[in-house]
1. Just checking, how many residues over the stretch 105-117 are under 12 Å from Val67 (Cβ atoms) and assigned to a helix (DSSP H, G or I)?
2. In the stretch 14-50, how many are surrounded by 14 or more Cβ atoms within 10 Å (Cβ to Cβ) and assigned to a loop (DSSP other than H, G, I, E, B)?
3. If you scan the stretch 20-30, which residues turn out to be modelled with pLDDT of 90 or more and within 16 Å of the ligand (Cβ to nearest atom)?
4. Enumerate the pairs (first residue in the stretch 4-23 and within 14 Å of Ile140 (Cα to Cα); second residue anywhere and modelled with pLDDT of 85 or more and among the basic types (Lys, Arg)) with beta-carbon separation below 9 Å, excluding pairs fewer than 6 apart on the same chain, so at least 6 apart or on different chains.
5. Restricting to the stretch 11-40, name every residue that is of a type in the set (D, E, K, R) and more than 16 Å from the chain's Cα centre (by Cα).
6. As an exercise: evaluate Lys146 against (1) out of contact with any helix residue (DSSP H, G or I) (no Cβ under 7 Å at 6 or more places or on another chain); (2) not hydrophobic (A, V, I, L, M, F, W, C); (3) not in a helix (DSSP H, G or I) and give the number of the one condition it does not meet.
7. Just to be sure, is Ile120 part of a helix (DSSP H, G or I), more than 16 Å from the ligand (Cβ to nearest atom) and within 13 Å of the chain's Cα centre (by Cα)?
8. If I ask for residues that are part of a helix (DSSP H, G or I), within 10 Å of the ligand (Cβ to nearest atom) and either more than 20 Å from Cys32 (Cα to Cα) or open to solvent by less than 50 Å² (accessible area, probe 1.4 Å) (or both), which ones from the stretch 51-104 would you list?
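The values are calculated or read from the model by the stated rules, or taken from the named source; none is laboratory data. None of these values were measured; they are calculated from a predicted model. Here the Cβ is made from the backbone with ideal geometry for all residues, glycine too, and neighbour counts use every protein chain on show. Just so you know, the surface numbers come from the protein's heavy atoms only, side chains and all, with ligands and any DNA or RNA stripped out. Shrake-Rupley method; radii C 1.70, N 1.55, O 1.52, S 1.80 Å.
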Amino acid sequence: MPPTNILLTKAGDLINWGRKNSLWWMGFGLACCAIDTIMIINQAKYDADRMGVVYRNTPRQSDLMLVAGTITQKMAPMVRQLYEQMAEPKYVLALGACAINGGPFYYDSYTVVKGADKIIPVDVYVPGCPPRPEATLYAIEMLRKKIMARGKID
Ligand code: SF4
């Protein structure tokens with residue numbers, strides 16, 4: 001008689017399940033959005049740790065970059081360099097209007113990059129000025145669904 005608790009799955013699904021439940025993030029807090037979107041998510045009220053989303057402050061141990069705030073032309077090369085130092089597969093959330101398209105500085109500033117996607121690929125955009133921490137958690141949930149939907153090993 002075979003055991004009754006056999007779990008059948010594909011290797012890709014199992015690996016992606018592991019990835020979605022261990023998103024270690026590196027924060028790129030560049031301005032005011034950093035406070036409301038990333039500094040707060042691992043504190044007691046929002047407790048992102050329960051989703052396996054924990055804070056690492058080195059690109060070599062991170063697979064999720066949270067870009068929050070205004071990206072200046074001067075800072076853009078550093079954002080790009082740290083992104084390139086992260087191991088594959090890696091994911092990016094653009095948090096707030098500034099990270100999406102330059103936000104309030106879109107028209108009048110020549111020093112501001114008009115969106116994180118001008119320098120690195122972005123997986124999920126979170127609008128707001130600033131977005132609520134709940135929006136960051138919702139975006140992480142969307143990213144988790146996106147990782148599982150890939151259904152294959154990257
Ligand atoms: S979107 Fe608004 S709150 Fe966020 S960094 Fe820009 S100005 Fe600040």
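1. The number of residues fulfilling the criteria is 2.
2. 10
3. none
4. Close Cβ pairs satisfying both conditions: Arg19/Arg144; Lys20/Arg144; Lys20/Lys145; Lys20/Lys146; Asn21/Arg144; Leu23/Arg144.
5. Residue satisfying the conditions is Asp13 alone.
6. All conditions pass for Lys146, except number (3).
7. No.
8. Residues satisfying the conditions are Ala97, Cys98, Ala99, Ile100, Gly103.
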